[in-house]
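Report on one structure; see the data block that follows.
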Amino acid sequence: MDDLNVKNQPVLKQFVPTPPRPPHKSERGILGTIRHRCFNSIGNSLLTLCVATVLFYLVKHVLDWAVFNAVFIADNRRQCMDISPDSACWAGVISWFNGLIYGRFPVDEQWRVNIGVLLGLVWLLPLMSKRIPLRNFILLSWIGLYPFVGGYLFLGGRFGEELGLVHGAMTCLALAFLAIIYANWILSALGKKGLNELFVPLVSRLVERRIHLLSFVAVWLLVALVIASGLSQVSLEPVPIERWGGLFLTFIIAGFAITMAIPVGVILALGRRSKLPVIHWLSMTVIELVRSVPLITVLFMAVTLLPIFLPADMEFNKLTQVLVAVCLFAGAYMAENIRGGLQAIPKGQYEAAATLGLGYLHTMVLIILPQALRMMIPNIMTSFISLLKDTTLVSIIGLFDIMLMARNIANDKDWVGMHTEPLVMISVLFFILCYSMSQYSLNLEKRLKVDR
């Protein structure tokens, strides 16, 4: 019986692995990719050859016109026509290059524009380091304080005379803040404490709360006084706003509008979602009224109609009126983008904030708005790119931006009739700027992991 049970038991099968298969031959490299994607069938092969032929002749014609047969050295357009009548004459653009960048800014004072732009970039440079604490405050300080430094360099003047005392004081505070940022950055890299830590023992003897904040304020005021004593001895040549122009003016308008678009858009978006009827209808009226007309109409209204509603003794220069109009226009469009992000936030986020006992302000600032802005990064960057391109419309109302300076080349007696080359140069420049902003948006989305 036992032998019968042993015979009926199933026999365990021994695992025998299959022999390894040879690796799949993948077509890697440029030639393999081209063959796989462009010549994988007869139809694709014919289409690839047709497109390649068209691109060859197009690129060849463009390079012949813009590079190989172009004229880069000439005294006037007539010489360009004599040397190469069917090619580009970049000599006119080169001779007007200074005007395209700085407009009518005095040549001897253009170093101030260069230093102002450099300071703006240097201010944001610490944001690239993750070791800097409170990096958001550096960005906020750039938004709130850098315009005073830029205004001092671009406008010029002397403290207390052409330059007001308030503007001068804010300029000193801004430069002091920049100096403290870099001093703390260098000290942290060396493994030492920041400048504000030096005043902690002294401040701790006077107060018991917010010692670190008060010590930072003390260092800030001390450095500002040192800078004020130095700048009070400096006198810059005043340059009126009417002399500003070129790419420099385009950057001022676009930078100010882009910077103010989000704050204005947030206020209008929250006002439109408000339950208070007055705030709701006022915000909605502003948004719909501004979005219903083109930007050029808003610019003309700001330049012609705004002075009518102001007191007779109150006058604004044309640049100030344009900045107000562009900021309002950008804020109205940004409000709808932000409102879309607010509507995408689940209701549970509001309920969770209410459960934690957060009020309306803390709920919006700490929970809702960060998520809404994070989700709307593509739309926000699209609005910024459109705004950068729309700043060229200010040339219609008489501001000498880069577009109007490019038109003036054709009115020069030496370069009469030259229209194509300046517009091509501006097109390439704006393509580089817009493409860089687009790539930065993509990198920002990956870093913040928007798709998750």
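What full-extension length gain, to one decimal in nm, is calculated for residue 221 and residue 274 as 0.36 nm per residue of separation minus the Cα-Cα distance?
Gain in length upon complete extension: 15.1 nm.
Return the whole-Å distance between the Cα centroid of the range 246-294 and the Cα centroid of the range 136-179.
After rounding, the separation between the Cα centres reads 25 Å.
Can you give the accessible area of residue 318 in Å² (nearest 10), computed on protein heavy atoms with a 1.4 Å probe?
Surface open to solvent at residue 318 totals about 80 Å².
How much of the accessible area of the chain, in percent, comes from carbon and sulfur atoms when a 1.4 Å probe is used?
That fraction is 67 percent.
Using the Kyte-Doolittle scale, find the helices of the chain whose mean hydropathy is at least -0.5 and whose Cα atoms extend 15 Å or more along the helix's long axis, counting only whole DSSP H runs.
Result, helices passing both filters: 42-63, 110-124, 135-155, 165-189, 211-231, 246-272, 277-291, 318-344, 377-390, 420-448.
Select from the range 300-385 those chymotrypsin sites (Phe, Trp or Tyr not before Pro) which occupy a DSSP coil region and have at most 11 other Cβ atoms within 10 Å, ordered by residue number. The partial results should precede the final answer.
Values: sites: 300, 309, 316, 329, 333, 350, 360, 384; in loops: 316.
Sites meeting the loop and neighbour criteria: none at all.
Roll a 1.4 Å probe over the protein chains and send me the accessible area per residue for the chain in Å². Walk me through the intermediate numbers first.
Numbers: 28570 Å² over 452 residues.
I get 63 Å² per residue for this part.
Determine which aspartates and glutamates satisfy two conditions relative to residue 389: a Cα distance under 14 Å, and not lying fewer than 8 residues away in the same chain.
Leaving aside aspartates and glutamates fewer than 8 places away in the same chain, those within reach of residue 389 are 401.
Amide H to amide H under 5 Å from residue 245: which residues, 5+ apart in sequence or cross-chain, H placed 1.01 Å off N in plane?
104, 105
What ³J(HN,Hα) values, in whole Hz, does the Karplus curve 6.51 cos²θ - 1.76 cosθ + 1.60 give for the range 198-207 when θ = phi - 60°, with x put for Gly and Pro?
Running phi through 6.51 cos²θ - 1.76 cosθ + 1.60 with θ = phi - 60° gives 5, 9, 4, x, 5, 5, 5, 6, 9, 10 Hz.
Kindly provide the trypsin sites (Lys or Arg not before Pro) of the range 88-157 that DSSP labels as loop, not H, G, I, E or B, and whose Cβ sees at most 12 other Cβ atoms within 10 Å. Please list the in-between numbers first.
Details: sites: 104, 112, 130, 131, 135; in loops: 104, 130, 131.
Passing sites in the range 88-157 are 130, 131.
Report the accessible area of residue 412, computed with a 1.4 Å probe over the heavy atoms of all protein chains in place, in Å² rounded to the nearest 10.
40 Å²
Just want to confirm a number: the relative contact order over the chain, from Cα pairs under 8 angstrom separated by 6+ residues, in percent.
15 percent.
Of 96, 247, 122, which is farthest towards the positive pole of the chain's charge dipole, taken about the Cα centre with +1 and -1 on the beta-carbons of Lys, Arg and Asp, Glu respectively?
The residue sitting farthest along the positive end of the dipole is 122.
As an exercise, use a Förster radius of 35 Å and the Cβ-Cβ distance of residue 21 and residue 447 to find the FRET efficiency, rounded to the nearest 0.05.
After rounding, the FRET efficiency stands at 0.30.
Could you work out the percent of alpha carbon pairs in the chain separated by over 37 Å, rounded to a whole number? Before the final figure, lay out the partial values.
Working: 49936 of 101926 pairs.
Looking at the chain, the distances longer than 37 Å represent 49 percent of pairs.
Can you give me the Cα centroid spacing of the range 89-123 and the range 189-203 in angstrom?
Rounded to whole Å, the Cα centres lie 40 Å apart.
Give the longest segment of the chain that steers clear of GluC sites (Glu not before Pro) in DSSP loops with at most 16 neighbouring Cβ atoms within 10 Å, not counting the sites themselves.
With a cap of 16 other Cβ atoms within 10 Å, the longest stretch comes to 316-452.
Assuming R0 = 45 Å, can you tell me the calculated FRET efficiency for the pair residue 115 and residue 289, based on Cβ-Cβ distance, to the nearest 0.05?
0.65
The values are calculated or read from the model by the stated rules, or taken from the named source; none is laboratory data. Computed from a prediction, not measured in an experiment: that's the story for all the values here. Every residue, glycine as well, gets a Cβ built from its backbone with ideal geometry; the counts of neighbours run over all protein chains shown. These accessible areas exclude ligands, DNA and RNA; they are computed on the full protein's heavy atoms, side chains included. Shrake-Rupley method; radii C 1.70, N 1.55, O 1.52, S 1.80 Å.
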